[in-house]
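The values are calculated or read from the model by the stated rules, or taken from the named source; none is laboratory data. Everything quoted here is computed from the prediction, not taken from an experiment. Every residue, glycine as well, gets a Cβ built from its backbone with ideal geometry; the counts of neighbours run over all protein chains shown.
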Amino acid sequence: MSELKFRPYHQPAGGWGALRASMQSLRQQGILSEGTALLLKSNQAEGFDCPGCAWPDPDAHSTFEFCENGVKAVAAEATSKRVTADFFARHSVSWLAQQSDYDLEEFGRLTEPMIYDAASDHYQPVSWEQAFAQIAHHLQVLDSPHQAIFYTSGRTSNEAAFLYQLFVREFGTNNMPDCSNMCHEPTSLGMPESIGIGKGTVTLEDFDHADTLLLFGHNPGTNHPRMLGTLRDAAKRGCRILVFNPLRERGLQRFVNPQDPGEMLTNHGTEIATHYYQPRIGGDYAIALGIVRYLLEQGSLDEDFIDTHTEGFTALKKITLDTPWAEIESESGLSHADFMEIGKIYDSGKASIITWGMGITQHKHAVATIQMLVNVLLLKGNIGKPGAGACPIRGHSNVQGDRTMGIWERPAADFLDRLGKEFGFEPPREPGHDVIASIAALEKGEAKVFFGMGGNFANATPDTRRVHEALRHCELTVHVTTKLNRSHVVHGKNALILPCLGRTEIDIQNGQPQGITVEDSMSMVHISQGMRAPASSQLKSECAIIAELAEATLPDSKTPWRALIEDYDRIRDRISRVVAGFEDFNARVHQPRGFHLDLPPRSRRWTTPSGKAQFIAQPLHHITEDRFIPKSSERVFNLMTIRSHDQYNTTIYGYEDRYRGVSGARNICFMHPEDMAELGFIENTLVDIISHWTDGERVARSFRLLPYDIPRSCVAGYYPELNVLVPLSSHADRANTPTSKSIRVTFHAVSKRDV
Ligand SMILES: Nc1nc2c(c(=O)[nH]1)N[C@H]1C(S)=C(S)[C@@H](COP(=O)(O)OP(=O)(O)OC[C@H]3O[C@@H](n4cnc5c(=O)[nH]c(N)nc54)[C@H](O)[C@@H]3O)O[C@H]1N2
Ligand SMILES: Nc1nc2c(c(=O)[nH]1)N[C@H]1C(S)=C(S)[C@@H](COP(=O)(O)OP(=O)(O)OC[C@H]3O[C@@H](n4cnc5c(=O)[nH]c(N)nc54)[C@H](O)[C@@H]3O)O[C@H]1N2
Ligand SMILES: [Mo]
């Protein structure tokens, strides 16, 4: 890490900066020439699915879609650096634990299974057979299968996810927390109540037909850069693009497509947002309610649609008209004039799409907010027609597919019925633990084994200190992984690291290369074929790891585990009989580009209990009243934890948050210049950040304040460094998603004497 530098960035997103950063990342991983060839295979019909984001691939598949952060994700996996047994012999786990997240990632790809040796405090090589026997032993001696936790991160393929949930359920529990719990769980919970399904209703093509886009709380320039191409095309057509974000994110303002020579030459690019609103953090429920109020007062509703397809209109109308504009404005942080402008634009649109990301889901009232956004769509009949619909922007490249395959702590009864019938066992029916409940169970000692299928549980979760403490008490922690991360050095009494193939690598089973499948953010299911030689000959695929572990753990299982992994078509055949919508899976997925899952709302079929779409609303004051406000004599701020441009969740690629002008360090916090002045702070003031919650205070030490264009009383800093401040018990109502975008904090300047 070098010194912190802060210089506002005035260039467009993309362009030369993106090209330079991509080349730099290939060079850093020692794969400059190979990497370029490899990238041409990413997101192509014949290639592999980019392990970056879940944004769909365009149908016109001859063009290579350039994306800087996709390059970083591929380069990270394809790196020439290796972590060998010799590396672990040289470095103790205590030493590793002192290294930064960036360093752990940079050591390179893991090459063979390792087991923790407490006597020497080193990881040592272990054979795959012994590794599986160890895990099987720890699982078999548990008093109950519910004492084990099986976490999943969202890169796991459909095939691996399906085998994994089968193994876990044959073992006897639904304790399957996943990264979704911390991500789009409020979407998965709120949308089915409104329209019957928990997924987006649009396809990529709809973006070509929309005349109005409302973008809430996500940052495409960094987190789904290929979306910028879609937004650029929309902007060029004259589509109105309204952005709602407390920060003025570069990628939402102007974009230069690095593949457009003309744009690169002038470096001017395309304006993305036609209207940019900077609400208060957490002000989105009020924004959506304000749009509803405008429509009720001055708009033209789609009355046919409302009559034929919906229920709950009268209640929505009453709740909305009972809420004074003044309340809506102060809660949202937008002015009356803003609402008149937004309302007029939305009302005049013929086809509108609403998108949302973590700025909406990681709040206490996330479910209610999503349902109010759906109300906005329903009032104008903006679901089930071309160019219109709801578009939650998913995170991990297969997080949506994992849930479809049954990675869920609360599986539907009919799914369990089919699973049990297909594999001849009685699946457990009681709901399992989500992420928050898993942490509680680990803390109480009720859970003793933690198994992670990818991801970085120790750093992705809230309340870092408590989570680390809980993980250290485990009898056993196991991680299936490609690279080293914090979760491997914050380990249980016994610990194993199982290295697996990445998505870019060729997976040979029974002498034949195998493809896996994924489902993107818009419900397209397609095949992904690895192209590179594996990082080490000792790696196993995730499917093989699960099958062999299942054989070791479940001697009485009727499932032919070994036969299933000899040919992944066999896994897909099983999926086609268990998972609704996957009939004829093999035939359909081998078509170029795969297939689109049926989404009933696209044809205005509502799979809600009454068969109608539901307007769901609650008064604004319900949402504001129960917000925790600490009794502090100091100024209290609302903190959101966000991603820099140079990270993939807990994986830190570097220290360049280019579009926000920050480089060299990550321990920063953005604050409005007038708030800084009021508190007597200047740029670079070193502060401790203290979060306040009903159970006490938490502290993040030594952060630098930077003046930034952010609403008053709102502040922002990076995840995962600030996760220490997120209280375990502060989470979205019903969905339990940690409130990573809404933490009550105060600031203490660290005096020179303290440093
Ligand atoms: N390169 C890269 N790509 C990624 C990831 C990554 O870390 N790096 N992560 C992947 C994953 S798992 C996910 S879930 C997605 C995440 O993608 P995003 O949803 O873009 O995630 P965040 O960076 O957390 O950004 C949230 C955005 O919401 C805004 N925001 C915060 N609070 C509020 C609010 O109250 N209201 C509104 N309107 N806006 C708000 C912030 O200013 C920020 O611009 O990206 C995926 N893709
Ligand atoms: N404060 C705060 N906390 C947050 C968030 C936030 O915005 N703010 N965002 C939340 C969100 S949206 C999410 S999705 C979670 C993310 O939580 P996770 O999914 O648990 O975290 P990641 O950092 O994506 O996991 C990265 C690790 O996955 C492993 N990995 C990479 N590729 C593969 C592979 O192909 N196979 C296997 N088996 N392993 C692989 C590597 O070891 C890598 O270190 O974090 C959540 N936590
Ligand atoms: Mo996510």
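Listed here are the helices (runs of 4 or more DSSP H) enclosed by the range 561-602 that have at least 1 residues being more than 25 Å from the chain's Cα centre (by Cα) and closer than 22 Å to residue 545 by Cα: 561-566, 568-578. Restricting 712, 658, 734 to residues that are closer than 25 Å to residue 13 by Cβ and among the basic types (Lys, Arg) narrows the list to 658. Scanning the range 348-367 for residues that are surrounded by 24 or more Cβ atoms within 10 Å (Cβ to Cβ), outside any strand (DSSP E or B) and either more than 12 Å from ligand 1 (Cβ to nearest atom) or on the phi > 0 side of the Ramachandran plot (or both) gives a single hit, 367.
Among the residues here, residue 366 does not qualify as small (Gly, Ala, Ser), touching a Ser or Thr at 6+ places or on another chain (Cβ under 8 Å) and more than 16 Å from ligand 3 (Cβ to nearest atom). The test for being more than 14 Å from ligand 1 (Cβ to nearest atom) and surrounded by fewer than 24 Cβ atoms within 10 Å (Cβ to Cβ) holds for residue 345. Screening 262, 251 for residues that are within 10 Å of ligand 1 (Cβ to nearest atom) and of a type in the set (Gly, Ala, Ser) leaves exactly one candidate, 251. Exactly one residue out of 641, 651 is under 21 Å from the mean Cα position of the chain (by Cα), surrounded by fewer than 22 Cβ atoms within 10 Å (Cβ to Cβ) and not charged (D, E, K, R): that is 651. Residues in the range 55-66 include none that are under 28 Å from residue 547 (Cβ atoms) and buried (at least 19 other Cβ atoms within 10 Å of the Cβ).
Looking at the range 1-116, the helices (runs of 4 or more DSSP H) lying wholly inside it that each contain 3 or more residues that are closer than 30 Å to residue 517 by Cα sit at 15-28, 32-39, 68-78, 101-106.
Here is the figure for the range 204-253: residues that are within 12 Å of residue 391 (Cβ to Cβ) and within 16 Å of ligand 3 (Cβ to nearest atom) total 5. Scanning the range 267-315 for residues that are assigned to a helix (DSSP H, G or I) and farther than 29 Å from residue 608 by Cβ returns a single hit, 298. Counting the residues of the range 456-481 that are within 15 Å of ligand 2 (Cβ to nearest atom) and closer than 19 Å to residue 123 by Cβ gives 11. Inspect the range 415-432 for any residue being outside any helix (DSSP H, G or I) and either polar (S, T, N, Q) or more than 26 Å from residue 141 (Cα to Cα) (or both) and give the result as yes or no. Checking the range 415-432: not a single residue is outside any helix (DSSP H, G or I) and either polar (S, T, N, Q) or more than 26 Å from residue 141 (Cα to Cα) (or both). The combined condition, being surrounded by fewer than 22 Cβ atoms within 10 Å (Cβ to Cβ), out of contact with any His (no Cβ under 6 Å at 6 or more places or on another chain) and part of a strand (DSSP E or B), is fulfilled by residue 508. Of the residues examined, residue 698 is one that is modelled with pLDDT of 95 or more, under 26 Å from residue 486 (Cα atoms), among the charged types (D, E, K, R) and touching a helix residue (DSSP H, G or I) at 6+ places or on another chain (Cβ under 6 Å).
Can residue 265 be described as away from ligand 3 (no atom under 16 Å from the Cβ) and surrounded by 22 or more Cβ atoms within 10 Å (Cβ to Cβ)? No. When the range 174-216 is limited to residues that are among the β-branched types (Val, Ile, Thr) and either part of a loop (DSSP other than H, G, I, E, B) or within 16 Å of ligand 2 (Cβ to nearest atom) (or both), the one that is nearest to the chain's Cα centre (by Cα) turns out to be 187. For residues that are free of Cβ contacts under 8 Å to residues at least 12 places away in the same chain and farther than 16 Å from residue 583 by Cβ, scanning just the range 399-428, find the one that is farthest from ligand 1 (Cβ to nearest atom). Here the residue is 426. Looking only at residues in the range 369-411 that are outside any helix (DSSP H, G or I) and of a type in the set (Lys, Arg), the one that is nearest to ligand 3 (Cβ to nearest atom) is 394. One residue alone among 661, 654, 696, 680 is within 13 Å of ligand 1 (Cβ to nearest atom) and farther than 17 Å from residue 245 by Cα, and that residue is 654. The residues on offer are 44, 29, and the sole one that is modelled with pLDDT of 90 or more and of a type outside the set (Ser, Thr, Tyr) is 29.
Of the candidates 83, 74, the single residue that is more than 28 Å from residue 206 (Cα to Cα) and more than 25 Å from the chain's Cα centre (by Cα) is 83. Restricting to the range 269-293, give me the number of residues that are surrounded by fewer than 24 Cβ atoms within 10 Å (Cβ to Cβ) and aromatic (Phe, Trp, Tyr). Total satisfying the criteria: 2. Here are some conditions: (1) closer than 30 Å to residue 690 by Cβ; (2) surrounded by fewer than 16 Cβ atoms within 10 Å (Cβ to Cβ). Residue 619 meets all but one. Which one does it not meet? All conditions pass for residue 619, except number (1).
Conditions tested, residue by residue: (1) small (Gly, Ala, Ser); (2) surrounded by fewer than 19 Cβ atoms within 10 Å (Cβ to Cβ); (3) within 30 Å of residue 678 (Cβ to Cβ); (4) not assigned by TED's automatic domain parsing to the domain that holds residue 460.
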{"residue": "605", "(1), (2), (3), (4)": "no, yes, no, yes"}
{"residue": "610", "(1), (2), (3), (4)": "yes, yes, no, yes"}
{"residue": "615", "(1), (2), (3), (4)": "no, no, no, yes"}
{"residue": "624", "(1), (2), (3), (4)": "no, yes, yes, yes"}
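Residues that are crowded, with 24+ Cβ neighbours inside 10 Å, assigned to a loop (DSSP other than H, G, I, E, B) and away from ligand 1 (no atom under 16 Å from the Cβ) within the range 147-173 comprise just one, 157.
Against the list (1) in contact with a Cys (Cβ under 9 Å, 6 or more places away or on another chain); (2) of a type outside the set (Gly, Ala, Ser); (3) within 16 Å of ligand 1 (Cβ to nearest atom), the condition residue 211 fails is (3).
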